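The values are calculated or read from the model by the stated rules, or taken from the named source; none is laboratory data. Just so you know, these numbers come straight off a predicted model, no measurement behind them. Note that we place each Cβ from the backbone using ideal geometry, even for glycine, and neighbour counts take in every protein chain shown. Quick note on the areas: whole protein, heavy atoms, side chains included, nothing else; ligands and nucleic acids left out. Shrake-Rupley method; radii C 1.70, N 1.55, O 1.52, S 1.80 Å.
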Amino acid sequence: METHLVLYDASYATERRNIALELRTETLIRSSRSVSFRMAGQKQEKIGRRGRAAVVVLGDLGRSPRMQYHALSLARQASLEVDIVAYGGSDPHAAILENRSIHIHKMRQWPPIPQGLQKILRPLILLLKPLTQFFMLLWFLCYKIPSPDLFIVQNPPSVPTLVAVKWASWLRHSAFIVDWHNFGYTLLGLSLGRSSLFVRIYRWLEKHYGKMADGSLCVTKAMHHELAQNWEIKATVLYDQPPEFFHPASLEEKHKLFCRLNEDISHPRGFRDCVSAGHMRMYGDHLKESLFTTQVDNDIVLKPGRPALVVSSTSWTADEDFDMLLEAAVMYDRRVAAILNEDDSNEEEVLCDDSCNGKSYIYPRLLFIITGKGPEREKYEEQIKRLRLKRVAFRTMWLAAEDYPLLLGSADLGVCLHTSSSGLDLPMKVVDMFGCGLPVCAVSFSCIEELVKVGKNGLLFSSSSELADELLMLFKGFPDECDALKALRNGVLERGSSARWATEWEQHAKPLISKASSSLSNPRAHTQIQEREMWSN
């Protein structure tokens, strides 16, 4: 009997252990399934969430078109949420403001300092300004915006931008991409001299932090070569190309634009010239008539005696020699007078009367519209007032982002005065002009021929006399018999039909951005795989 009791107790104990083991196994299975479902849910949530990019501009966003285009491409072509960190000032293009995936974060600018005081405190400002900007940038990049997968930053300015963005990319585990528009130290060298201690320190910081980037873009092959040979930076060339809203303007678009600009064109701020005198003789509805166009019933036509419209975009800074344009305008005025045997008594009012009455001259009046903002604008406006030219007039203005492409698409010729502090960047204003079908006369420098093909889409000049010669040659017989100008315009239209920003960005920038982002995210993916393997075991 005792033996049977012992066997029963042993069997009962074994059964209890088996039941307990089954319960523990079932609990582990349920727990494993719960974890698997939870991880699957997290994975699904991660897949469903859009990635994020931050575009950083230590400048006026409205005057940084290339970075605006980056933001649009990141949102449209890479399907990312985009945070733009920049200064306020000029409004960006409507396409930026209307895109729900793009979020603008405006920083406060360094307060303006009187010119006289600025010279006295220059060394102190050179230290305090970048320090203040550095901490403001860090605050925005590390706290004010959501954590991005990548930062893309405009260079220049290099200090403190590259330093701040690199630190932020460390802290937020994000990729860091530099878009090299030019070299910051060469711009600083225009005012301080290349041998300055500040310039040497600036160059070291620019090179040191530029080499830390996960990827680099640049604007020319020449800059690509310089970065590779002397900076040990491998960059991808991303040529500036115009987006789709830069195109030749239709006759209706020209008429509406010129009617909107009637007031700006007809009042040259306190002095009379060949354009304002002609404008005063215009009678009728200003919604139906402009200096260049007129509407008869439902038809819009260009006026035969209209002036030729020349557009130049400028930032009014030291790397653009505006004196060259003023001198060329004076030469054009005097050379035309000499060709036509005019004397000094032939006032601009007589010329305007003749033009308004339909009389044509072998050389037209020229209206230069200079767009842009910058420190030297007022100085040159005063010089323009003192010129008193008979056949040439100037207007300076700042246009809305939507009107600027229309002006380029309505003009007859573009002039570019950009000389490049490094000799390695290309003027984006010329790219915009080509996008609008506008031929260009540009200042010649080392790599400009990567963009301007002489005799095909434009001409180059090295002096004011050369520019005056080009103006005489291109506008002879304007508007109907200027064959050289028409040939250049046709060359621009033929070459520019397929060259657009979205295509260039898709081919060159998107692969670089994807590679930089994926290389940084691989360690995280590896950790997640290890966690899954641990749970499955």
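Tabulated values for the structure
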quantity	calculated
Residues (among the small types (Gly, Ala, Ser) and either touching a Gly at 6+ places or on another chain (Cβ under 7 Å) or modelled with pLDDT of 95 or more (or both)) located in segment 445-457	446
Any hit, segment 141-158, residues being open to solvent by 30 Å² or more (accessible area, probe 1.4 Å) and closer than 12 Å to residue 57 by Cα	yes
Filter result for the condition that a residue is of a type outside the set (Asp, Glu) and surrounded by fewer than 17 Cβ atoms within 10 Å (Cβ to Cβ), over 517, 421, 464, 444	444
Test: residue in segment 381-399 that is of a type in the set (Gly, Ala, Ser) and not in a strand (DSSP E or B)	no
Output for segment 340-395, where each listed residue is over 39 Å from the mean Cα position of the chain (by Cα), modelled with pLDDT under 70 and among the hydrophobic types (A, V, I, L, M, F, W, C)	350, 351, 356
Extreme residue, nearest to residue 419 (Cα to Cα), among residues of segment 447-461 that are of a type outside the set (D, E, K, R) and open to solvent by 40 Å² or more (accessible area, probe 1.4 Å)	454
Residue match in segment 516-524 (condition: hydrophobic (A, V, I, L, M, F, W, C) and either within 26 Å of residue 431 (Cα to Cα) or modelled with pLDDT of 70 or more (or both))	yes
Selection status of residue 203, without any contact (Cβ under 8 Å) to a residue 12 or more places away in the chain and among the basic types (Lys, Arg)	no
Filter result (assigned to a loop (DSSP other than H, G, I, E, B) and crowded, with 19+ Cβ neighbours inside 10 Å) within segment 177-229	181, 182, 183, 213, 214, 219, 220
